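S.K.: Shown below is the structure under consideration.
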Amino acid sequence: PTLSVGSASGSAGETVRVPVKFTGNPGAMGFLFDINYDDDFLEYISFENGGLLSDCEISGGSGSLKLLSIEDSDVTDDGVIAYLTFRIRDEASGELALSLVCGENGVCNYNEESIAVKTSDGKITVK
């Protein structure tokens, strides 16, 4: 299974939306991971539930977001966990990393068994 952050592009001052996805799902109910970004060049605006999970919370800001979700039972589909919206700050240029960090017990199933996941980072390219 893989947790991934998508990529997007935009000009300074614009907002961009990136998906956070879970694929290769063996059946999982608990998710806890971080998405880190450079607060000097990106401003976190909001998140929208992507539909894969019924309940999803994001907290933080200032360079690090924490996503938490605990479902009532294992979810077995692949899909989008959340969409994140960022504003590209006026002084931004080049490629801005969106790094996903998931600890050893960051994803688990209904039986509280840890699921080893790969992570795939995203980026925002400033036009």
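S.K.: Between Asp77 and Glu43, with labels modelled 7 Å along Cα→Cβ, what's the label distance in nm to one decimal, could you check?
M.R.: Those two pseudo-labels are separated by 3.4 nm.
S.K.: Kindly write out, for the range 11-24 in residue order, the coupling ³J(HN,Hα) from the Karplus curve 6.51 cos²θ - 1.76 cosθ + 1.60 (θ = phi - 60°), rounded to whole Hz, with x marking Gly and Pro.
M.R.: Computed from phi, the couplings for the range 11-24 are 8, 3, x, 8, 9, 10, 10, 10, x, 10, 10, 10, 10, x Hz.
S.K.: What number comes out for accessible area per residue over the range 80-125 if the probe is 1.4 Å? Units Å², please.
M.R.: On the way: 2510 Å² over 46 residues.
Solvent-accessible surface per residue comes out at 55 Å².
S.K.: At a probe size of 1.4 Å, how large is the accessible area of Phe41, to the nearest 10 Å²?
M.R.: Solvent-accessible area, nearest 10 Å²: 60 Å².
S.K.: Quick check: with the 1.4 Å probe, what order do Tyr37, Tyr44 take by accessible area, largest first? Don't skip to the answer; put the middle values down first.
M.R.: On the way: Tyr37 20, Tyr44 50 Å².
Greatest to least solvent exposure: Tyr44, Tyr37.
S.K.: Turning to a different aspect of this structure: Roughly speaking, to the nearest percent, how much of the range 69-127's 1.4 Å accessible area is carbon and sulfur?
M.R.: Numbers: 1390 of 3410 Å².
Accessible surface attributable to carbon and sulfur in the range 69-127 totals 41 percent.
S.K.: Which value in Å does the Kirkwood hydrodynamic radius of the range 1-77 take, with 1/r averaged over all unlike C-alpha pairs and then inverted?
M.R.: Value: 13.8 Å, from the Cα pair sum.
S.K.: Would you tell me the accessible area of Ile45, worked out with a 1.4 angstrom probe on the heavy atoms of the protein chains, in Å² to the nearest 10?
M.R.: Surface accessible to solvent at Ile45 totals approximately 80 Å².
S.K.: Now a separate question. Would you list the P(r) distribution for the range 6-127, with all Cα-Cα distances sorted into 10 Å bins from 0 and each bin expressed as a whole %?
M.R.: Cα pair-distance distribution for the range 6-127, in percent: 14, 46, 28, 11, 1.
S.K.: Report, to one decimal in Å, the Kirkwood hydrodynamic radius for the range 59-127 based on all distinct Cα pairs. Write down the numbers at each step before the final one.
M.R.: Working: mean 1/r = 0.0678 Å⁻¹.
In the range 59-127 this quantity evaluates to 14.7 Å.
S.K.: Express in Å², to the nearest 10, the accessible area of Lys21 obtained by rolling a 1.4 Å probe over the protein heavy atoms while all chains stay in place.
M.R.: My reading of the accessible area for Lys21 is about 90 Å².
S.K.: For Asp78, Asp72, give me the order by solvent-accessible area with a 1.4 Å probe, most accessible first, ignoring ligands, DNA and RNA. Working shown, then result.
M.R.: Details: Asp78 85, Asp72 145 Å².
Final ranking, largest accessible area leading: Asp72, Asp78.
S.K.: What are the ³J(HN,Hα) couplings of the range 80-91, residue after residue, when phi is run through the Karplus curve with 6.51, -1.76, 1.60 and θ = phi - 60°? Round to Hz, x for glycine and proline.
M.R.: These are the phi-based 3J(HN,Hα) values: 8, 6, 7, 10, 10, 10, 10, 9, 7, 5, 4, 8 Hz.
The values are calculated or read from the model by the stated rules, or taken from the named source; none is laboratory data. Computed from a predicted structure; not experimentally measured. Don't worry about glycine lacking a Cβ; one is built from the backbone with ideal geometry, like all the others, and counts go over all protein chains shown. With ligands, DNA and RNA removed, areas are computed over all heavy atoms of the protein, side chains included. Shrake-Rupley method; radii C 1.70, N 1.55, O 1.52, S 1.80 Å.
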